[in-house]
């Protein structure tokens, strides 16, 4: 696990993104960052072996087990990135607005190989303890693709059969919603945000 690619594609003199990591608390952390770059998406990150393993989830996570959300694995990020929010200036990789959508801790399921082995095997099962995302989830690599995975909610007490749009659980006054409104783009109501 390395931050080589992360550091190679960023100019830390021009972007406020962190360039290193720091030790976590007792349990590993996760974070979901809503990111308005060229396209609005959600970055799902799990702490593993001193870095944040990262997936870009175009439609955002869901609490509906029927939703199998595409999650494209991207470069590792430093642990400090878990608290990053703000604006990545134009001309930099990932230019746009980043906000924290959810965060918390997680544990790997007893049914899942340990983190690095699960990543290599293409199957991770874990329990999230966040403000919005709770309960059991899985990441499963799609057959024939090294970077394309699916993020899937398992059926448990936190699951719902109702349609789940991540944008509906975003505060109305989020920086991204304000930017989308100003640009005349589609804005989610945010009425269900916590």
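The values are calculated or read from the model by the stated rules, or taken from the named source; none is laboratory data. Keep in mind that this is a model prediction, so the values were computed, not measured. Glycine gets a Cβ as well: all are built from the backbone with ideal geometry, and neighbour counts include every protein chain shown.
Below, the figures for the structure above:
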item	result
Some residue of segment 125-137 being surrounded by 15 or more Cβ atoms within 10 Å (Cβ to Cβ), at pLDDT below 95 and either in contact with a helix residue (DSSP H, G or I) (Cβ under 7 Å, 6 or more places away or on another chain) or closer than 16 Å to residue 60 by Cα (or both)	no
Segment 44-57, residues that are in contact (Cβ under 8 Å) with a residue 60 or more places away in the chain and either in a strand (DSSP E or B) or buried (at least 18 other Cβ atoms within 10 Å of the Cβ) (or both)	44, 46, 48, 53, 55, 57
Among (1) part of a loop (DSSP other than H, G, I, E, B); (2) farther than 16 Å from residue 31 by Cβ; (3) modelled with pLDDT of 95 or more - the single one residue 111 does not satisfy	(3)
Selected residue (only one of 66, 60 is touching a helix residue (DSSP H, G or I) at 6+ places or on another chain (Cβ under 9 Å) and assigned to a loop (DSSP other than H, G, I, E, B))	60
Residue match in segment 88-99 (condition: under 14 Å from residue 46 (Cα atoms), crowded, with 17+ Cβ neighbours inside 10 Å, in contact (Cβ under 8 Å) with a residue 24 or more places away in the chain and in contact with a helix residue (DSSP H, G or I) (Cβ under 9 Å, 6 or more places away or on another chain))	no
Members of segment 142-163 that are within 16 Å of the chain's Cα centre (by Cα) and surrounded by 14 or more Cβ atoms within 10 Å (Cβ to Cβ)	148, 149, 150, 151, 152, 153
